[in-house]
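The values are calculated or read from the model by the stated rules, or taken from the named source; none is laboratory data. What you see is a predicted model; the values in this text were computed from it and never measured. Neighbour counts are summed over all protein chains in view; Cβ atoms, including those assigned to glycine, are modelled from backbone coordinates with ideal geometry.
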Amino acid sequence: MQFGLSEEQVLLQDNVKRFLMEQVPLEKVRAYADGGSDADFWAGMAELGVPALLVPEADGGIGLSPLDAAIVAESCGYHVAPVPFLGSAVMAPTALACNGGYSELLGEIAAGSVRVGIAFGEAVGRRIDADVAFADGKLSGKSLFAFDAEADFYLVASRDHHMYLVAATDVERKPLTTVDRTRRTVELNYDASPAQLVSDNPQDYLDTLDIGRVMLAADTLGAAQAMLDQAVEYAKQREQFNRPIGSFQAVKHMCAEMAAHLEPCRAMVWFAAHALADLPDEARLTACHTKAHLAEVGKFVAKTSTEVHGGMGFTDLVGLHYWFKRCGSNRQWLGAPELVREEAAALQGLV
Amino acid sequence: MDLSFGPEYENFRQDVRTFLTTHSDKSPSGASLRSDDALAWQKLLIDNGYAARTIPKAYGGYGAQPNIIESRIIAEEFAEARANPGLGGQGISMLVPTLLEMGTEEQKQTFVSPTIHGDMVWCQGYSEPGAGSDLASLTTSAVLDGDEWVINGQKIWTSTAHLADWIFCLVRTEPDAPKHKGISFLLFKMDTPGIEIRPLVDMTLNANFNEVFFTDVRVPKHQIVGQRGEGWMVANAILGHERDSLGNPNNTLTRLNALTELMKTETVGGERMIDNPVYRDRLMSIQGRVMAMRFNDLRVLSSRINKDQDASLARMIVKLQGTELRHDLEGLAIDIMGEVGLAFEDNPYLRAAGSWQYQYMYFLGLIIGGGTSQIQKNIISERGLDMPREPKFEKR
């Protein structure tokens with residue numbers, strides 16, 4: 001029995017961390033947030049093989065497991081990396097590999113030369129007047145908060161849990177500013193946009209959704225860990241009343257509570273990612289609970305870490321708010337915790 | 001990631017199952033400490049290696065090599081079969097491991113075998129009215145007079161003192177030494193003249209604890225574990241054992257399943273509680289937390305098997321998170337029942353013999369006992385996160 005990461009996985013983690021630390025420091029995140037490009041970040045990650053991780057070997061990828069991807073997602077969250085990881089490296093490869101027929105596109109995704117965004121909002125929890133319909137090879141309607149803003153294609157999920165592929169050039173795309181400036185979202189308007197049916201099997205949609213949810217949870221795990229680390233560091237340095245504030249129980253207990261809530265989340269994310277590939281009976285339920293639980297813990301850590309930083313935590317100077325908002329959007333994307341827990345209940349026949 | 005225990009353990013699991021099928025009729029259900037049934041069952045378990053498994057044969061145990069996976073399989077199978085896992089208590093779970101590590105050969109010969117067989121029942125004399133979280137400030141004194149220690153002082157929160165034959169007790173023997181270095185670890189009989197036991201009723205209205213008073217209690221000099229002034233070191237080894245055993249996520253899972261069943265049978269206005277989305281969401285929140293703690297437990301278990309894996313923080317948070325989670329879980333059951341959740345003792349509407357009410361209160365006790373949640377947070381922040389310690393104040 002070995003519940004943890006393999007040597008290869010630790011190596012992968014180290015490589016991604018080193019790249020993000022060196023190439024995507026907070027100044028560069030800020031530059032992206034102010035309207036800059038993420039092309040260099042994604043190109044660098046492509047060199048590390050990140051978009052190829054989940055692409056099958058036969059399609060030009062590396063064919064690794066969801067757990068490998070979760071390790072990368074955690075690092076992306078830790079560094080609030082502005083990268084189209086969720087769509088291009090996780091959900092699109094998962095969906096496109098379901099039934100074959102997309103070998104060429106998968107190869108381009110693996111190489112990092114093509115990006116595929118996701119528009120799942122209308123299937124997960126339709127808001128406002130958005131909805132999509134497909135007829136005669138054409139999509140109509142609109143999607144809100146599709147990610148990412150610079151994708152070449154979009155994987156669109158409909159209310160009946162079918163998935164479609166549409167080219168960005170065939171849709172009208174409008175930026176939708178959100179509080180989270182580390183990942184840009186858009187509104188997609190379809191006007192008889194030519195689209196391909198990727199899958200009309202709801203199970204394929206659910207598999208794609210589950211892995212997306214686990215990756216968002218992993219991203220939150222990383223982001224929250226970064227916030228805890230920063231809070232501990234700050235509390236050791238900052239002095240008031242002639243003492244480091246970290247020596248006051250009021251402050252150190254906040255840090256202990258963050259650690260106590262967050263540490264089991266690591267095992268949970270690992271297990272949920274492992275289950276996606278190896279424990280099909282448990283995969284859906286653990287994915288739902290992991291998404292919801294990390295959303296709650298992420299919210300708690302984001303608030304508490306900000307409070308440990310005092311007034312500085314509230315400022316743009318420290319930049320802690322990038323992590324706060326990252327946790328916040330991970331919480332809402334692909335289903336807010338209450339909605340996902342209701343799914344968990346339904347899976348067990350409790351609804 | 002490899003979650004299986006491996007095929008070599010399947011035979012072992014099968015052996016445990018066969019034992020349980022053959023002998024489960026002898027398993028006492030909630031038998032009292034010294035009943036013949038309980039003692040016979042304990043002996044059967046030891047003879048077959050399902051209790052006192054790693055205690056050397058020379059001291060009355062089964063004499064197996066420590067193997068975490070085997071222990072886990074035994075625990076799982078006993079839980080699955082709802083078989084009595086054998087005797088527990090502070091003598092078996094805390095004193096025996098300590099004696100094996102720090103006791104003299106004579107102490108091991110004298111105490112281990114009768115303790116694990118249930119013939120010698122122990123209580124633990126640590127906390128005092130003035131020494132709770134700051135245990136090392138304890139003041140019960142032991143002064144050497146010839147070949148005997150003379151003990152004076154008071155202990156509190158002493159569970160099973162009224163049932164115990166012996167006590168393992170922390171006393172101050174070196175009043176002039178720094179507080180952690182002036183403590184010794186003594187063993188003595190509870191029927192020694194000068195010991196008075198007063199039951200301490202807790203919020204469950206049971207007397208789970210006692211106060212124990214010592215007035216010129218005379219104890220043979222050699223009944224000390226470790227050297228004079230080493231008692232704190234001895235005691236800390238035991239506290240480590242205690243923290244590991246509190247907040248076990250597998251027991252919590254059993255309670256979660258019972259809670260889910262409760263929600264399917266309890267109704268309000270004719271509607272099953274499980275069909276009420278507000279209560280259902282609370283159940284799902286708890287289920288998510290239980291899941292996180294179960295996986296955390298697997299990670300801790302794995303780190304004990306694979307020594308290169310570090311899960312020290314994962315282990316450190318178990319007592320805090322596990323007891324708080326369990327209290328929340330039991331509390332949800334009370335809310336599910338509403339007024340019925342207030343029923344107590346002879347109330348005809350009492351559910352599950354009042355176990356929800358009892359556990360809800362009992363786990364508040366466990367949040368406080370064995371190192372309060374606040375002490376746990378000190379430990380997590382200072383040892384786990386390397387944060388600065390609270391400045392110490394000189395004694396006034």
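Which condition number does A:LYS299 fail, the rest of (1) more than 19 Å from A:GLU338 (Cα to Cα); (2) more than 10 Å from chain B (Cβ to nearest Cβ); (3) assigned to a helix (DSSP H, G or I) being met?
Unmet condition: (1).
Across the stretch A:101-122, which residue is nearest to A:GLU172 (Cα to Cα) among those that are among the hydrophobic types (A, V, I, L, M, F, W, C) and surrounded by fewer than 24 Cβ atoms within 10 Å (Cβ to Cβ)? Reasoning before the result, please.
So in the stretch A:101-122, the residues among the hydrophobic types (A, V, I, L, M, F, W, C) come out as A:105-106, A:109-111, A:114, A:116, A:118-120.
Narrowing further to those that are surrounded by fewer than 24 Cβ atoms within 10 Å (Cβ to Cβ): A:105, A:111, A:114.
Values: A:LEU105: 22, A:ALA111: 26, A:VAL114: 19 Å.
Only one residue tops the list, namely A:VAL114.
Would you point out which residue out of B:LEU320, B:LEU385 is closer than 22 Å to B:ASP202 by Cα, buried (at least 19 other Cβ atoms within 10 Å of the Cβ) and within 9 Å of chain A (Cβ to nearest Cβ)?
Within the list B:LEU320, B:LEU385, the selection yields B:LEU320.
Answer yes or no as to whether A:ALA81 is away from chain B (no Cβ under 14 Å), under 22 Å from A:SER329 (Cα atoms) and outside any helix (DSSP H, G or I).
Criteria met by A:ALA81.
Within the stretch B:363-386, how many residues turn out to be part of a loop (DSSP other than H, G, I, E, B) and within 20 Å of B:ALA311 (Cβ to Cβ)?
Here the count works out to 3.
Check off (1) buried (at least 16 other Cβ atoms within 10 Å of the Cβ); (2) out of contact with any Pro (no Cβ under 9 Å at 6 or more places or on another chain) for A:ALA295 and give me the number that stays unchecked.
(2)
Could you say which residue among A:ALA130, A:ALA123, A:ALA195 is at pLDDT 95 or above and out of contact with any Cys (no Cβ under 7 Å at 6 or more places or on another chain)?
One residue alone meets the criteria, A:ALA195.
Could you figure out which of (1) more than 19 Å from A:LEU86 (Cα to Cα); (2) surrounded by 21 or more Cβ atoms within 10 Å (Cβ to Cβ); (3) of a type outside the set (Gly, Ala, Ser); (4) touching a Pro at 6+ places or on another chain (Cβ under 9 Å) isn't true of A:PHE3?
(4)
Could you pull out the residue among B:THR215, B:THR158, B:THR204 that is surrounded by 20 or more Cβ atoms within 10 Å (Cβ to Cβ) and hydroxyl-bearing (Ser, Thr, Tyr)?
Values: B:THR215 fails: surrounded by 20 or more Cβ atoms within 10 Å (Cβ to Cβ); B:THR204 fails: surrounded by 20 or more Cβ atoms within 10 Å (Cβ to Cβ).
Answer to the selection: B:THR158.
For the stretch B:152-191, enumerate the residues that are part of a strand (DSSP E or B), among the aliphatic types (A, V, I, L, M) and out of contact with any helix residue (DSSP H, G or I) (no Cβ under 9 Å at 6 or more places or on another chain).
B:ILE156, B:ILE167
Taking the stretch A:84-118 only, how many residues are in a strand (DSSP E or B) and touching a Ser or Thr at 6+ places or on another chain (Cβ under 6 Å)?
Adding up the residues that qualify gives 1.
Being among the hydrophobic types (A, V, I, L, M, F, W, C), touching a helix residue (DSSP H, G or I) at 6+ places or on another chain (Cβ under 8 Å) and either at negative phi or in a loop (DSSP other than H, G, I, E, B) (or both) is the filter here, so list the residues in the stretch A:141-155 that pass it.
A:LEU144, A:ALA146, A:PHE147, A:ALA151, A:PHE153, A:LEU155
Which one is nearest to the other protein chains (Cβ to nearest Cβ), of the residues in the stretch A:313-345 that are in contact with a Leu (Cβ under 8 Å, 6 or more places away or on another chain) and farther than 28 Å from A:ALA123 by Cα?
A:GLY313
Enumerate the pairs (first residue in the stretch B:289-317 and within 7 Å of chain A (Cβ to nearest Cβ); second residue anywhere and of a type in the set (S, T, N, Q) and in a loop (DSSP other than H, G, I, E, B)) with beta-carbon separation below 9 Å, excluding pairs fewer than 6 apart on the same chain, so at least 6 apart or on different chains.
B:ARG299/B:GLN309; B:SER302/B:GLN309
So which residues in the stretch A:226-247 are crowded, with 21+ Cβ neighbours inside 10 Å and either acidic (Asp, Glu) or facing another protein chain (nearest Cβ under 7 Å) (or both)?
If the condition is that a residue be crowded, with 21+ Cβ neighbours inside 10 Å and either acidic (Asp, Glu) or facing another protein chain (nearest Cβ under 7 Å) (or both), then A:VAL232, A:ALA235, A:GLY246 are the ones that fit.
Within the set of pairs 6+ apart or on separate chains, which have a first residue in the stretch A:167-181 that is more than 19 Å from A:TYR154 (Cβ to Cβ), a second that is at pLDDT 95 or above and loosely packed, with under 14 Cβ neighbours inside 10 Å, and C-beta atoms under 9 Å apart?
A:ARG181/A:ASP34
Pull up the stretch B:270-288, narrow it to residues that are among the hydrophobic types (A, V, I, L, M, F, W, C) and more than 7 Å from every other protein chain (Cβ to nearest Cβ), then point me to the one that is surrounded by the fewest Cβ atoms within 10 Å (Cβ to Cβ).
B:VAL278
Would you point out the residue of the stretch A:301-335, among those that are touching a helix residue (DSSP H, G or I) at 6+ places or on another chain (Cβ under 7 Å) and either basic (Lys, Arg) or within 30 Å of B:MET273 (Cα to Cα) (or both), that is surrounded by the most Cβ atoms within 10 Å (Cβ to Cβ)?
Taking the candidates together, the pick is A:ARG326.
For A:LYS138, are the conditions met, namely being out of contact with any helix residue (DSSP H, G or I) (no Cβ under 9 Å at 6 or more places or on another chain) and charged (D, E, K, R)? Before the answer, list the steps.
Details: out of contact with any helix residue (DSSP H, G or I) (no Cβ under 9 Å at 6 or more places or on another chain): yes; charged (D, E, K, R): yes.
Considered against the rule, which asks whether it is out of contact with any helix residue (DSSP H, G or I) (no Cβ under 9 Å at 6 or more places or on another chain) and charged (D, E, K, R), A:LYS138 comes out as yes.
Being surrounded by fewer than 16 Cβ atoms within 10 Å (Cβ to Cβ), part of a helix (DSSP H, G or I) and of a type in the set (D, E, K, R) is the filter here; which residues of the stretch B:329-362 pass it?
Matches in the stretch B:329-362: B:ASP335, B:GLU339.
Which condition number does A:GLY61 fail, the rest of (1) more than 21 Å from A:PRO280 (Cβ to Cβ); (2) part of a helix (DSSP H, G or I) being met?
Unmet for A:GLY61, out of (1) more than 21 Å from A:PRO280 (Cβ to Cβ); (2) part of a helix (DSSP H, G or I): (2).
For the condition away from every other protein chain (no Cβ under 14 Å) and surrounded by 19 or more Cβ atoms within 10 Å (Cβ to Cβ), what is the one hit in A:LEU54, A:LEU67, A:LEU12? Talk me through it step by step, then tell me what you get.
On the way: A:LEU67 fails: away from every other protein chain (no Cβ under 14 Å); A:LEU12 fails: away from every other protein chain (no Cβ under 14 Å).
That would be A:LEU54, the only listed residue that is away from every other protein chain (no Cβ under 14 Å) and surrounded by 19 or more Cβ atoms within 10 Å (Cβ to Cβ).
Scan the stretch B:152-159 and give yes if some residue there is farther than 21 Å from B:ARG218 by Cα and of a type in the set (S, T, N, Q), otherwise no.
yes
All but one of (1) surrounded by fewer than 24 Cβ atoms within 10 Å (Cβ to Cβ); (2) of a type in the set (Phe, Trp, Tyr); (3) facing chain B (nearest Cβ under 10 Å) hold for A:PHE271; which doesn't?
Here A:PHE271 meets the rest and fails (1).
Taking the condition at pLDDT 95 or above, surrounded by fewer than 23 Cβ atoms within 10 Å (Cβ to Cβ), closer than 23 Å to A:LEU26 by Cα and within 13 Å of another protein chain (Cβ to nearest Cβ), does A:GLN348 pass?
Answer is no for this residue.
State which residue is farthest from the other protein chains (Cβ to nearest Cβ) when the search covers only the stretch A:248-265 and only residues that are over 12 Å from B:LEU385 (Cα atoms) and more than 29 Å from the chain's Cα centre (by Cα).
This residue is A:ALA250.
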